[in-house]
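Accompanying notes for the structure given below.
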Amino acid sequence: MESRAPRLTCNSLSRSGAFYDLTYKVMLLGDSGVGKTCFLVQFKDGAFLSGAFLATVGIDFRNKVVTVDGLKVKLQIWDTAGQERFRSVTHAYYRDAQALLLLYDITSKTSFDNIRAWLTEVHEYAHKDVVIMLLGNKVFVTSCRPLQ
Ligand SMILES: Nc1nc2c(ncn2[C@@H]2O[C@H](COP(=O)(O)OP(=O)(O)OP(=O)(O)O)[C@@H](O)[C@H]2O)c(=O)[nH]1
């Protein structure tokens, strides 16, 4: 991930006790229900968060140290609430993010169409050199798939 957005720290110890060389702040954005929290829990803990849908309130984060080209990189991944009413809270976190993952649900055309609105917000609040990645989520849902 190459970004000219501000980089945080180097050669430090994470709260879990793992050493790392670099820190990157990553944010998950997208409509409510597209699966941002599940995606993060799956990436962090390797488990699918099943059960009733609990919408994120405001914003939350988890850290994960990964090795890239021999360097230990601490990813500080922020899980934002997709609901409109929390938008003003989450805007404040965009500015120092190095990467933004824009998620949509492949079974929801609306969530895909709304990516345009998410990009408008990104251009307004994020660093101009931020890395942006578009992710179609819920690929294993076969019953309803309007987006191929
Ligand atoms: N089948 C399937 N369901 C998923 C997947 N990812 C998420 N879900 C379900 O989709 C619903 C919403 O998931 P969340 O991860 O809470 O969605 P979110 O984007 O974080 O929602 P907000 O917190 O409101 O922004 C939950 O009921 C999940 O179980 C997936 O990959 N496959």
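Of note:
- Some residue of the range 104-114 being among the aromatic types (Phe, Trp, Tyr) and within 13 Å of the ligand (Cβ to nearest atom): yes
- On the stretch given as the range 23-37, residues that are near the ligand (Cβ under 6 Å from one of its atoms) and over 11 Å from the mean Cα position of the chain (by Cα) total 3.
- Options 127, 123; residue that is surrounded by 13 or more Cβ atoms within 10 Å (Cβ to Cβ) and over 10 Å from residue 29 (Cα atoms): 127
- Every residue from the range 71-92 that is within 16 Å of the ligand (Cβ to nearest atom), crowded, with 17+ Cβ neighbours inside 10 Å and either among the hydrophobic types (A, V, I, L, M, F, W, C) or farther than 16 Å from residue 39 by Cα (or both): 77, 78, 81, 86, 90
- Considering residues of the range 1-57 that are modelled with pLDDT of 85 or more, assigned to a loop (DSSP other than H, G, I, E, B) and touching a strand residue (DSSP E or B) at 6+ places or on another chain (Cβ under 8 Å) only, the residue surrounded by the most Cβ atoms within 10 Å (Cβ to Cβ): 34
- Whenever a residue of the range 95-120 is more than 16 Å from residue 83 (Cα to Cα), its partners that are among the aromatic types (Phe, Trp, Tyr), lying with C-beta atoms within less than 7 angstrom and at least six residues away or across chains, give the pairs 95/125; 98/24; 99/24.
The values are calculated or read from the model by the stated rules, or taken from the named source; none is laboratory data. Please read these numbers as outputs of a predicted model, since none were measured by experiment. Heads up, the Cβs are rebuilt from the backbone with ideal geometry, glycines too, and the neighbour counts pull from every protein chain shown.
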